[in-house]
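The values are calculated or read from the model by the stated rules, or taken from the named source; none is laboratory data. Here the structure is a predicted model, which means the values were calculated and not measured. For neighbour counting, all protein chains shown are included, and Cβ atoms are generated from backbone atoms with ideal geometry for every residue, glycine included. Heads up: the accessible areas ignore ligands, DNA and RNA and are worked out on the full protein's heavy atoms, side chains in. Shrake-Rupley method; radii C 1.70, N 1.55, O 1.52, S 1.80 Å.
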Amino acid sequence: FYFFGYAFAFGGDPGKKSFIGNSKFFMLGMADESGIEYAHWLFQFTFAATSATIVAGTVAERCQMNAYLLYSMMLTGFVYPVVVHNIWSPSGILSSSSPDPYLGVGMIDFAGSGVVHVTGGITALVSTLLLGPRKGRFHDDEGNKLQEPKTFPGHSKSLQMLGAFLLWFGWFGFNAGSAID
């Protein structure tokens with residue numbers, strides 16, 4: 001996201017519509033002495049990472065670490081930023097904040113409900129279709145179909161509660177930060 005993602009998402013001329021951003025690569029040209037644009041970068045980075053982690057939960061135990069890192073770089077460096085640019089950037093085609101919004105309204109998205117979750121969800125669906133079910137879940141080691149799917153043991157309730165707390169706490173930042181214009 002540092003090298004290309006932010007530039008693809010928020011680079012470009014606000015008065016001219018474009019499909020993808022074309023400035024601010026490597027965060028160059030962000031001469032903001034107050035630090036607001038750097039804070040915006042960090043805030044947007046967390047949204048990009050969230051989009052990638054939605055997919056991580058889907059492909060857990062199904063792909064190798066190298067594949068996970070490669071898809072994460074592609075998702076946060078290109079796919080997600082193109083969606084962000086078109087919806088959240090003032091120069092985006094679907095942006096409601098552009099001078100001439102699509103159909104007079106543009107697309108309105110609050111706190112990543114469409115951009116983050118739809119991008120992550122569609123990527124997760126495609127990944128799941130490509131990878132298939134977990135090994136040993138529906139077929140044995142020889143490829144014979146099991147009469148009943150193999151059940152997985154329960155996970156740590158403490159870690160589940162910690163994860164729920166972290167998500168709940170993170171939503172305060174996402175939603176409050178999204179309300180700032």
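Between Lys135 and Gln64, the distance separating the two model label sites (each 7 Å from Cα on the Cα→Cβ line) works out to 1.2 nm. Using the Cβ-Cβ distance between Asp13 and Leu146 with R0 set to 45 Å, the FRET efficiency from 1/(1 + (r/R0)^6) comes to roughly 0.20.
For the chain, modelled as a GNM whose springs connect Cα atoms under 10 angstrom apart, the maximal fluctuation among Asn22, Asn144, Asn66 occurs at Asn144. Report the FRET efficiency, 1/(1 + (r/R0)^6), for Val126 and Tyr38, where r is their Cβ-Cβ distance and R0 is 41 Å, rounded to 0.05. After rounding, the FRET efficiency stands at 0.80. Adding -39500 (n - 2.57) for every DSSP H run of four residues or longer, then dividing by how many residues the chain holds, sets the calculated 222 nm ellipticity at -16000 deg cm²/dmol. Pop the C-beta distance of Leu103 and Asn175 into the FRET formula with R0 = 22 Å and round what comes out to the nearest 0.05. Rounded to the nearest 0.05, the efficiency is 0.25. For the stretch 1-153, the fraction of 1.4 Å probe accessible surface lying on carbon and sulfur atoms is 66 percent.
Seen against the Cα atoms of the chain and their longest principal axis, helix 36-59 is set at about 20 degrees. Each Lys and Arg contributes +1 and each Asp and Glu -1, all at the Cβ; summed about the Cα centre of the chain, the dipole is approximately 480 debye. Of the residues Lys150, Lys135, Lys157, ranked by 1.4 Å probe accessible area with the largest first, the sequence reads Lys135, Lys157, Lys150. Listed peptides 3-16, 35-48 appear in the order 3-16, 35-48 once ranked by packing, highest mean of other Cβ atoms within 10 Å at the front.
Counting only alpha carbon atoms, the long axis of helix 157-179 and the longest principal axis of the chain meet at about 20°. If you take the Cα centroid of the stretch 1-62 and the Cα centroid of the stretch 109-128, the two points sit 16 Å apart.
Just name one of Val82, Leu162, Gly177: the one whose Cα is farthest towards the positive end of the charge dipole of the stretch 45-181 (beta-carbon charges, Lys/Arg +1, Asp/Glu -1). Farthest along the dipole direction, towards plus: Leu162. The accessible area of Tyr2, taken with all protein chains in place and a 1.4 Å probe, comes to roughly 100 Å². A simple charge model with +1 on the Cβ of Lys and Arg, -1 on the Cβ of Asp and Glu and nothing else charged puts the dipole of the stretch 1-92 at about 280 debye relative to its Cα centre.
One chain, two ends: Phe45 and Phe165. Fully extended at 0.36 nm per residue, the span grows by 41.1 nm beyond their Cα-Cα distance.
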